[in-house]
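Right, one structure below, let's go through it.
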Amino acid sequence: MAAIYKRELKAYFTGVIGYVFLVIYLGVAGILFATTTMFAMSAAVTNYYTLMLVFSAVMLPLLTMKSLSEERKTKTEQLILTAPVSLWAMVFGKLLASYTVYAACTVLTSLYFLLLVPYSAISMLVVLGNAVAMLLIGLVFIAVGIFVSALTENQLTAAIGTIAILLGFLGIGTLGGLIPQQYWLRFVFDAFSIFNRFQHFVWGYFDIASVIYYISIAAIFVWLTIRVYDRRRFN
Amino acid sequence: MNKFLKKMKGWATGRGGMNTAMTVLIILTVMFLNAILYSLTASGGWYLYEPPKTVEALSGSTDRIFEGADEEVTIVFLREEEDMQGDAISSTVYQTATALAERHSFISLEFVNFYTRRYYDEELEREVVFPVDRFKTDMRGKEVQGFNEWSVVFIAGDITDENSTYHVLPSTQYSSFFTFDSAGTIYAYNGEEVLASMVSWVLSDEHPTAYLTTGHGEMLDSAFTNMLTCAGYYLDLVDLSKSEVPADAELLIVFNPTSDFEYSVDGSVRTEIDRLGDYMYKRGGDLYVCMDPELDKRLPAFESFLAERGFVFAASEEDGSYNREIISDPDNGISTDGYTFVAEFADNGIAMDIKRAITERGVSASVLAANMGRIIIPEGSTAVPILTASSGAETYAGGERKDREGGYAVCAYNDIPAASDVDKRSSIFVCYGTYVSSAAAMVTNGYSNKDFMFSVMNYGFGSTAMPIGCVDLVFVGDILQGFTMSTARLFTALIMAIPVIIGIVGAVIVIRRKYR
């Protein structure tokens, strides 16, 4: 797994995609941070992290679209499937490589709030909580991206499919507002809405149940990715 | 068909089918367990960390406000009690309501499921149906806009009695309990004040309606309308170009108009000014006016109307440019240029009454003003100043100093007789500046702008049971103190330098690798 992880991580920075991702992500994060805090004369984390959540749903698929679809397109997945590497190691290696790039960006952008400490009573624990939530949600997004990437050999299809699924996850909570009479259905939508659960963190609550939820969703998609390759191996 | 069924059976019992079934089972199990966990935590929350509670003990002002309260009041939330504790905003409102009910024995809380319409009656020891539909209209019979599960119903007496006095506070996610800044960020929490005023409302026999004019570019501050709601008014809009001032109007508000009112030179057509005049003269109607001194044009009809009633807005017109006089008061200044200052109360009966209503409740009567214009009260007029600048103040218009006499009126009041068959006089309050009643001013610690507005409504227009002295919790922690725009630009440049540097380094690396 370590070899795959290093290879994938190196691939991001020997090619263009890693740098493009970093420039766009950090650039947009910087603009959002400036407009929602400094130029708004506010140290509130709410607006910044909420916007970053939606932005990440659009950006992260660009990081993951190539991970497995490229292997399929160039027919190198046969090498992987026949190599003495478990499917778990392969999938985890790729996931961790993407996650490392994303986590570095998230941690760096969260450190921006340190600039505001001398000017406000901002709680860095709240910032930490939000950063951890973003890291966990990023894990979910990357797991979904890798799963969709495993289903197709077309990178664009993988990216669009991932964005659609992630925006669906984010927007599922709003469906509850459309069916006010069905209380149990609203409960289901609220329970599975990534966005609704993220609001707890935004308001300063570190919710264990949501942490478990995010990890379990990521685990499900990793499991599904492995299932896909397991089927291919024997077909 | 048989072939298909055979194939499906083979798949289902084969390795592929078993694996798919196992996968689906695992996914459903995980989702089910998450749903169970979500429902368990919804009641209490499994929080590793919670932010410090922003709701302190009640200020104690409600002891005075509710003095002599002799009727049971029920505050009905249209969400279940567990749901109220599930998120930060709801739990804040819940804490305040609970504290209020614990402090005042005549107040009780009920939590009704908006969709099942049931709540648990402790006396009957069973679930009973709550008449939710009754509260979709207010006591006047008008539809309550935005009535949903976030609305709060205040009921005096038996909550199932169809004749009980009630009031509905519509809101979106309890927004009525908060003050927002212009960017829509929460600025302060006004829970105690809102709950106290709504309880007072249902205990009172007077439920006046205030109408806000439209059609002249009026831009209302939500803090101002929330203040009016807490002052006990129903709020509605009126377009005087289309209709008369409604018969139930007890207060008409013209807030920051940017275009003039219709008027007729020869009186051949009934216009807005005619309707305004008749409302005041024929009915003794009350008027609240807020004008913006930064408006760069005159509103001839409206300002003439006010001038006839004792209020002239100082301005100068030179080279086709119209500039209103803006007051600089360095003696009382908060800002170095003196444009933001602490206004003084004038020395007359009504101003002193307004001030006393604040100070006798233990609140300092200190009103923050900014970018205020100068009201000139013509000689012989019965209008009186309420708030003034100090004797050392000056006025500026178009960048030039216009006057140095000081003592200028920034808020003024007049009480003029109506028609002989009307048994009340018409009251007008004019504020020449939008800052006094803005969100920023009304929740700034150390100043009593909101209590001043309540007192104006009380002494100027006769509203009762003002929640003066209640605590507004300002989220100071979120406001940057001592932070300048130049610092913002510097920090932004530093932050944006990071992706630029990465981009340049990346480009160099990729290009070098390509041409190696």
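Go through the range B:97-117 and report how many residues are touching a strand residue (DSSP E or B) at 6+ places or on another chain (Cβ under 8 Å) and in a helix (DSSP H, G or I).
Final tally of qualifying residues: 4.
Here is a list of conditions, (1) buried (at least 16 other Cβ atoms within 10 Å of the Cβ); (2) at pLDDT 75 or above; (3) closer than 30 Å to residue A:123 by Cα; (4) within 13 Å of another protein chain (Cβ to nearest Cβ), and residue A:189 meets all of them except one; can you say which number that is?
(3)
So which residues in the range B:136-163 are within 24 Å of residue B:191 (Cβ to Cβ) and either among the hydrophobic types (A, V, I, L, M, F, W, C) or without any contact (Cβ under 8 Å) to a residue 60 or more places away in the chain (or both)?
B:139, B:144, B:145, B:146, B:147, B:150, B:152, B:153, B:154, B:155, B:156, B:159
Starting from the range B:56-85, keep only residues that are closer than 26 Å to residue B:458 by Cβ and part of a helix (DSSP H, G or I), then list their pairs with residues that are open to solvent by 70 Å² or more (accessible area, probe 1.4 Å) and modelled with pLDDT of 85 or more whose Cβ atoms are within a distance under 7 Å, requiring at least 6 positions of separation or different chains.
Pairs that qualify, where the first residue is closer than 26 Å to residue B:458 by Cβ and part of a helix (DSSP H, G or I) and the partner is open to solvent by 70 Å² or more (accessible area, probe 1.4 Å) and modelled with pLDDT of 85 or more, are B:62/B:103.
Could you grab me the full set of residues in the range A:105-126 that are within 22 Å of the chain's Cα centre (by Cα) and either in contact (Cβ under 8 Å) with a residue 60 or more places away in the chain or within 11 Å of chain B (Cβ to nearest Cβ) (or both)? Steps first, please.
Step one: list which residues in the range A:105-126 are within 22 Å of the chain's Cα centre (by Cα), which gives A:105-113, A:125-126.
Scanning the range A:105-126 gives A:105, A:108, A:109, A:111, A:112, A:113, A:125, A:126.
Determine which single condition residue B:403 fails, assuming it passes every other condition in (1) within 13 Å of residue B:314 (Cβ to Cβ); (2) surrounded by 22 or more Cβ atoms within 10 Å (Cβ to Cβ).
All conditions are met except number (2).
Please go through the range B:445-459 and pick out each residue that is touching a residue at least 60 places away in the same chain (Cβ under 8 Å), open to solvent by 10 Å² or more (accessible area, probe 1.4 Å) and more than 13 Å from the chain's Cα centre (by Cα). Break it down into steps so the answer makes sense when it comes.
The first filter runs over the range B:445-459 and keeps only residues touching a residue at least 60 places away in the same chain (Cβ under 8 Å), leaving B:446-459.
If we keep only those that are open to solvent by 10 Å² or more (accessible area, probe 1.4 Å) too, we end up with B:446-447, B:450-451, B:458-459.
Matches in the range B:445-459: B:446, B:447, B:451, B:458, B:459.
Looking at the range B:187-202, is at least one residue free of Cβ contacts under 8 Å to residues at least 40 places away in the same chain and either surrounded by fewer than 16 Cβ atoms within 10 Å (Cβ to Cβ) or out of contact with any Ser or Thr (no Cβ under 7 Å at 6 or more places or on another chain) (or both)?
no
Taking the criterion of being closer than 24 Å to residue A:162 by Cβ, of a type in the set (Phe, Trp, Tyr), more than 8 Å from chain B (Cβ to nearest Cβ) and open to solvent by 10 Å² or more (accessible area, probe 1.4 Å), would at least one residue in the range A:55-64 satisfy it?
yes
Scan (1) within 10 Å of chain B (Cβ to nearest Cβ); (2) within 19 Å of residue A:53 (Cα to Cα); (3) at pLDDT 80 or above for the single condition residue A:218 breaks and write down its number.
(1)
Is one or more of the residues making up the range A:15-22 farther than 29 Å from residue A:152 by Cβ and modelled with pLDDT under 85?
no
Just give me the residues in the range A:156-186 being at pLDDT 80 or above and open to solvent by 50 Å² or more (accessible area, probe 1.4 Å), in sequence order.
A:156, A:157, A:160, A:164, A:165, A:167
The values are calculated or read from the model by the stated rules, or taken from the named source; none is laboratory data. On a predicted model such as this, the values are computed, not experimentally measured, just so you know. Cβ sites come from the backbone with ideal geometry, for glycine too, and all protein chains shown count toward neighbours. In case anyone asks, the SASA skips ligands and DNA or RNA and just uses the protein heavy atoms, side chains included. Shrake-Rupley method; radii C 1.70, N 1.55, O 1.52, S 1.80 Å.
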